[in-house]
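Where a number appears in this text, it was derived from the coordinates with a stated rule and is not lab data. Bear in mind that the values here come from a model prediction, so they are computed numbers and not experimental data. Note: ideal-geometry Cβ built from the backbone for every residue, glycine included; neighbour counts use all protein chains shown.
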Amino acid sequence: MPLIRIEVVDIWSEDELDLLMQALHEAMVSAFEVPDRDRYQVLTSHRPGRLIMQDTGLGFERSDRRVLVQVTTRPRSNESKRMFYALAASHLVERLNMHSEDVMIAFVENTDID
């Protein structure tokens, strides 16, 4: 039961938010091989100054279309995490015309007892 928390700046349309959530869900289903109805997502919108994602010295700027994705899940293999990163980024670039620099994904691992 992966839980996906999505944080965005409050500039997205409802249709774009639906596409964003669906794209991340599809990436999770493919990468983690979970059932399609294993869908737990929370989306929160913030004023521009309340979602800070600096580049940590990587030399790029993020736009107001930045997205922070936190995935809470049982331990997953490096291969499945890499697949999730790649699928999520490609879906968001293709479907929402995003720049990959605007996407940040972080994993939090837990176990069944959690």
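Want the number for T44 to T111: 0.36 nm per residue separation, take away the alpha-carbon distance, what's left?
Numbers: separation 67, 0.36 × 67 = 24.12 nm, distance 2.49 nm.
Between T44 and T111, full extension yields an extra 21.6 nm.
Please return the longest range in the chain lying between exposed loop sites, taking GluC sites (Glu not before Pro), DSSP loop only, at most 13 other beta-carbon atoms within 10 Å, and leaving the sites out.
Maximal segment without exposed cleavage sites: 62-114.
Helix 78-96: angle to the longest alpha-carbon principal axis of the chain, degrees 0 to 90, nearest 10?
Result, in degrees: 40.
Provide the net charge surrounding E26, with neighbours chosen by a C-beta distance below 11 Å and charges set as Lys +1, Arg +1, Asp -1, Glu -1.
Details: positive: R39, R95; negative: D36.
Local charge sum for E26: +1.
Translational diffusion coefficient, Stokes-Einstein: compute it for the chain using the Kirkwood radius over C-alpha pairs as Rh, at 20 °C and 1.002 mPa s, and state it as an integer in µm² s⁻¹. All intermediate terms of the calculation are to be shown ahead of the outcome.
Values: Rh = 14.5 Å.
Rounded to a whole number, D works out at 147 µm²/s.
In degrees, nearest 10, range 0 to 90: what is the angle between the Cα axis of helix 14-32 and the longest Cα principal axis of the chain?
40 degrees
So for the chain, averaging the separation of alpha carbon pairs under 8 Å that are six or more residues apart and normalising by length, what relative contact order in percent results? Present the calculation step by step, with values, prior to reporting the outcome.
Working: 164 pairs, mean separation 43.0, N = 114.
Computed value for the chain: 38 percent relative contact order.
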